[in-house]
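> Right, I'll just put the structure down here and ask away after.
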Amino acid sequence: AAVLVTGLDTTIVARLDFSAVAPYAAAAGAVAVLTAVYGSALAPLVPLSADLAARRRTGELDEVFLRLTRWGATAVVTASALAVLACPPLLRLWLGGDTAARSIPLLQVLVAGNAVRLLTFPYPVVLFGTGEHRRARWTPLVEGAVNVSVSAGLGLAIGPVGVAIGTLAGAVVAVAMHLFVNLPHTRALSVRAGDVVRRGIGGPVLVAVPAGLAVAARAALPATVWPPLGTLAVAMTFVLAWSVALAPSDRAAIRHIRTRRPFPWLHQTSSAPGAQA
């Protein structure tokens with residue numbers, strides 16, 4: 001499945017337009033960083049979900065799953081929106097003008113596809129922890145098949161951007177299968193698709209709206225308008241991430257972390273003998 005999802009895109013691009021391999025590979029490599037970081041951050045969810053499932057604490061596992069889905073989706077969508085807004089100057093600095101010009105639209109589509117795929121990323125992690133991963137074994141294969149089919153078809157029609165759109169199409173199918181096919185048959189969780197959309201990914205998806213509108217308007221506006229427009233989109237992205245994507249309990253938890261002293265013993269002052277010891 002991994003070969004189908006990520007391993008064949010560059011090969012398809014090479015067969016369609018070999019000169020686009022470098023721009024496409026650069027865009028795909030940048031996107032892969034976010035997936036690796038997010039996957040590492042979710043690693044502790046495996047033993048935690050295993051423990052809660054073994055003790056049949058379904059309600060607690062539901063809450064952990066929904067909260068991590070909401071937090072993760074907020075972080076992923078925010079990072080993806082900022083990447084889309086900042087990618088033109090960063091790619092020019094990294095790759096040079098000619099390669100960057102071809103990489104920008106590819107990166108934007110690949111970032112969107114990657115963000116969609118990661119919206120429900122905590123769900124398969126929970127399945128591994130609870131031993132129910134076999135229930136979702138067909139999802140990555142279907143995603144890969146859709147990815148390759150759409151990439152080849154649209155690649156022949158519109159070029160390398162079509163290959164990137166195939167990644168987005170496969171991600172949409174995978175998320176839909178997780179929510180509407182796999183989740184109803186998961187014994188360790190009692191939440192359903194509506195709960196995940198309403199309390200998990202619905203708010204974070206709205207965070208992408210300012211970046212999407214800014215990118216769509218950029219082609220129709222003079223180049224001098226982009227700096228203030230991009231700055232406004234960045235500011236609105238953070239505002240929506242804080243006020244819409246996160247629940248009040250999430251914001252309270254973050255405020256608590258910010259005000260808590262991480263090393264309280266460094267702040268202790270006492271004149272009593274042996275206090276420091």
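> For the condition crowded, with 21+ Cβ neighbours inside 10 Å, hydrophobic (A, V, I, L, M, F, W, C) and farther than 20 Å from Gly200 by Cα, what is the one hit in Leu118, Leu91, Leu82, Leu95?
Leu91
> Can you give me the number of residues within the range 3-40 that are open to solvent by 70 Å² or more (accessible area, probe 1.4 Å) and farther than 19 Å from Arg92 by Cβ?
7
> Taking the condition of being among the β-branched types (Val, Ile, Thr) and over 26 Å from Leu4 (Cα atoms), how many residues in the range 170-200 meet it?
Residues meeting the conditions: 3.
> May I pose another question? All but one of (1) part of a loop (DSSP other than H, G, I, E, B); (2) surrounded by fewer than 21 Cβ atoms within 10 Å (Cβ to Cβ) hold for Ala188; state the number of the condition that does not hold.
The number of the failed condition is (2).
> List the helices (runs of 4 or more DSSP H) that sit entirely inside the range 1-67 and contain at least 1 residues that are under 20 Å from Val148 (Cα atoms).
Filter on the range 1-67 gives 9-16, 21-41.
> May I ask you to say which residue of Tyr24, Tyr123 is over 16 Å from Val196 (Cα atoms), out of contact with any strand residue (DSSP E or B) (no Cβ under 7 Å at 6 or more places or on another chain) and in contact (Cβ under 8 Å) with a residue 12 or more places away in the chain?
Only one candidate qualifies: Tyr24.
The values are calculated or read from the model by the stated rules, or taken from the named source; none is laboratory data. For clarity, every value in this text was computed on a predicted model and none was experimentally measured. All Cβ positions, even for glycine, are placed from backbone atoms using ideal geometry, and neighbour counts span all protein chains on display. Note: areas computed on protein heavy atoms with side chains; ligands, DNA, RNA excluded. Shrake-Rupley method; radii C 1.70, N 1.55, O 1.52, S 1.80 Å.
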